[in-house]
Structure formats: structure tokens, C-alpha cells
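Just so it is clear, none of the values below were taken in a lab; they were calculated from the coordinates. The structure displayed is predicted, hence computed values, not measured ones. Cβ: placed from backbone, ideal geometry, glycine included. Neighbour counts: every protein chain shown.
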Amino acid sequence: MGSYGCAEYDRAVPRNETPGYDPRFPTVDDLRTRARRRIPRFAFEYLDGGCNEDVNLHRNTAELREVVLEPRYLAPLGAPDLRSELFGHVYDAPFGIAPLGLQGLIWPRSPEILAAAARDHNLPFVLSTVSTASIETVSEICEGRAWYQLYHPTEARVRDDLIDRAAAAGCPVLVVLCDAPSFGYRPRDIRNGLALPPQMTLRNILQMLGRPEWALRSLLAGTPTFENLKPYTPEHLNLRQLGAFMDATFSGRLDADRVGPIRERWKGKLVLKGVASEADAEQAIAMGFDGLIVSNHGGRQLDAGESSIRPLARIAARFGEQTTVMMDSGIRSGPDIARALASGARFTFLGRAFMYGVAALGARGGDHTAEILKTQLRQIVEQLGCERVADLPNHRAPGAQPSKGA
């Protein structure tokens, strides 16, 4: 009872010949465990941690998993289809790779690795302004389909040049970040003296020596830098001066006066990321955004806020017919993706999950993570009797979801 026949097993388990797939690590949690053993502690804690006491970091996934789905075992079922249309492009699955800063610190050339995986699996890849690969490089890898996330610069010339570079590179979607008006208070990073390049304290040196493969690959790849910001950064800044430059150059707080010039200059689709309330969603629609990503920055900014799934359900119910509502933060598996879609998200994004994959498996990590998520999601939609991922809201069990405000 409950055992697989050969045909069922073939559908449920990725085969060894699948590019990038490693059967030793069938879940994102397995990748996280291996990543912790392969990269220095300061890099892992930057990737893995939240802010303050990590309350919202843990709340994100825990409350998402309170969403319960209802199967329909007797309904007729055709071949399930994971494809999802978003802003005129049909992606092979309803999830993409979320932006994450300092990626090359976590594993050398990880933005390039993940961009290639996104291209090969036909998924959207979102590049952060403070990533360690340039707009131009990533767009070339993604064959003109990479999205770009803009941290709002204080100077109009920098803002306009970044927007123009994204347009020239062919990026179809510009994502504007709104949930970083101040830097999150992250005790681990403070204790580790996190910097780019890493500070050469005795503690950090010992951590790097304890991860010889990471150290060797980092040495061969060269010192990671903020590639997108090179044209605007004075040469020969030390770490303290670079930090002061970043503080002076970027301001995360948005309002209508700051969004207006962006909307006017950018001719493609414009998305606001970091929406966490119905009030902000309503304002964003009025400002001319084409889509919203409900997100709390992976629990890295506001420890006292809600998990992302709660405002997602409310925002999707109220505004889902007016705009494209998406979600990230706390998603770690195919069932988590299904829960978010069932709660009203049109699409989802994962950041840590893909970086765990690269830190664990290097160049194979992006492919492997994508295969895990697609296989898990395919299994759950088959189990539910759901032919199209767009129909997942029909499978959300009544009353079985986070109750507060959702």
C-alpha cells in the first residue's frame, strides 16, 4: 500500500540523466544542509539569516504551510500543465529566481550560474542592483529575458542610466524595490563584519581556510564587486568609503514623485516588489505599476511584520482582477509554490532556495533546484487533480489557511 509502480516512480522521481540533478539531495533542505558545510560561516549566515530575532524569517514558511489544499480524486484529469503566462511570455513553470545581493560572495559566479539555469528551464531571473554580475552579462546569458531590480538611486543621472542600460540589454521587466527604506538590522552580519570583499579578520580567515573549495574557486574567479555600480563608483575606495558611497547613492523610500520619472522613462512592464499591505497595493496600481510582488524581503527587513502569505491572500482577493499579483518570501518547495498560487498569487519567486543549490552543488546547483521544484509541483498538482496551475485556487480548502486577516 502506498508503494510506487514503475510508471509512477518514473513520473515522480527525476532521472539521473537529467542535467544537474543529484539524487543525494532531493529537497531544498538537503541543499541547505550541504551548503552550510561548503561555504564560510559569514557567507552562509548572510544567505540564511533574517533580521533582529528572525521571527518573520520563520513565520514566513510556517504560516505559508498552514494553507491546506483539497484533492479531487474522482474528477477527470488530463496531463497536468505547469506552464504559466506572465507579461506576455509563457514560462515553463510558475516560479522564478528572485533577486539577491552579494551573490558572488556566497559562491563564485553564482549570478551567471543561475541566469543560465533560468534560461535553460525557461524561468524568469531577476538581477539585483547590488548583485556581482552586470545587467549586460546576465541579459546576454538569459538571451534578453532577464528582469532587473532597481534600488532607487538618489541621483537622477544614476537612476536614468541604470534604467537605460536595462532597456538596452533587452530586459522586459523592471522591478522597483520598496521594502528597503533602511538597512535591516542583522546581528549575524554585524558580528561577522560582512563586507565585499570579506574582511580579513582572523575569524573570517579561519572560516575561509576551512572551506578550501570555496576559497580556491573564489581566488580563481577574482574579487567579487558590485558590477552594476562600477560606472558610478569612484576608484580606489576602501571598505569604509564604499559603505559611505552606497549610503549616499541609494535611498529605498519611494513615493509618487520618485516613481513618476521611472514610469515615464521605462517603456516595458513595471513591477513593485516589497508590497505588504492593501494600502500600498492600491497606491501602486494608481502609480501605474503593472504588477506587484507581495514580499517582506525574506524576513530580512521588518521582524515585527506579517508573513507574506497573509497580505498576499488579502491583496489577491481585492486587486487580483486589476493587476498581476505575485509573491516571494518563505517559499522552499513545490508544495509551498502550490500553496501560494492557491492563495491567489499568479506567480512566485524563490531566492534562498536557488542559492542553497549553487552553494551546495556549484555550477549544477541552479539546474538541480529547478528540477526539484518542478518535480515536486508536478506531483502535487497530479495528486490534487489540477490540470492547470492557474486552477489551484479552486483547491484551497475552505477555512484551512492563516486566519488573521486572510
Query raised in the report: What ratio of Cα Rg to 2.2 N^0.38 Å holds for segment 15-119?
Result: 1.38
Report summary line: Pseudo-spin-label distance Phe245 to Ala62, built 7 Å along Cα→Cβ, given in nm, is 4.2
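Beyond 25 Å, what share of the Cα-Cα pairs of segment 206-322 is found? Please give it as a whole percent.
50
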Query raised in the report: For the chain, taking Cα atoms only, what is the radius of gyration to one decimal and the Dmax to the nearest whole Å?
Result: 20.6, 68
Query raised in the report: So what is log10(I(q)/I(0)) for segment 240-304 at q = 0.25, 0.26 1/Å, when the Debye sum runs over its Cα atoms only?
Result: -1.12, -1.15
Query raised in the report: R0 = 51 Å: FRET efficiency of Asp164 with Leu219, Cβ-based, nearest 0.05?
Result: 0.90
Query - Over the chain, relative contact order from alpha-carbon pairs under 8 Å, at least 6 apart, % - result: 29
Query raised in the report: Hey, got the dipole for segment 93-223? About the Cα centre, +1 on K and R Cβ, -1 on D and E Cβ, debye to the nearest 20?
Result: 580
Query raised in the report: How do Leu209, Leu127, Leu74 line up, fewest other C-beta atoms within 10 Å first?
Result: Leu74, Leu209, Leu127
Query raised in the report: Which translational diffusion coefficient, to the nearest whole µm²/s, is obtained for segment 75-161 from the Stokes-Einstein equation, given a Kirkwood hydrodynamic radius over C-alpha pairs, 37 °C and 0.692 mPa s?
Result: 230
Query raised in the report: If we restrict to alpha carbons, what Rg and Dmax does segment 149-236 come to, in Å?
Result: 17.0, 45
Query raised in the report: Per residue, what volume in Å³ does the convex hull of the Cα atoms of segment 262-406 enclose?
Result: 138
Query - Backbone HN-Hα couplings from phi across segment 128-133 [Karplus 6.51/-1.76/1.60, Hz, Gly and Pro as x] - result: 7, 4, 9, 6, 9, 10
Report summary line: Cβ density ranking, 10 Å radius, fewest first, applied to His58, His395 yields His58, His395
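Across the chain, how many lysine pairs, 8 or more positions apart or on different chains, have C-alpha atoms separated by under 28 Å? Please give the number.
Lysine pairs meeting the criterion: 6.
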Report summary line: If amide H atoms are modeled at 1.01 Å from N in the peptide plane, then the residues at a separation of 5 or more from Thr132, or on another chain, having amide H under 5 Å from its own are Leu102, Gln103, Gly104
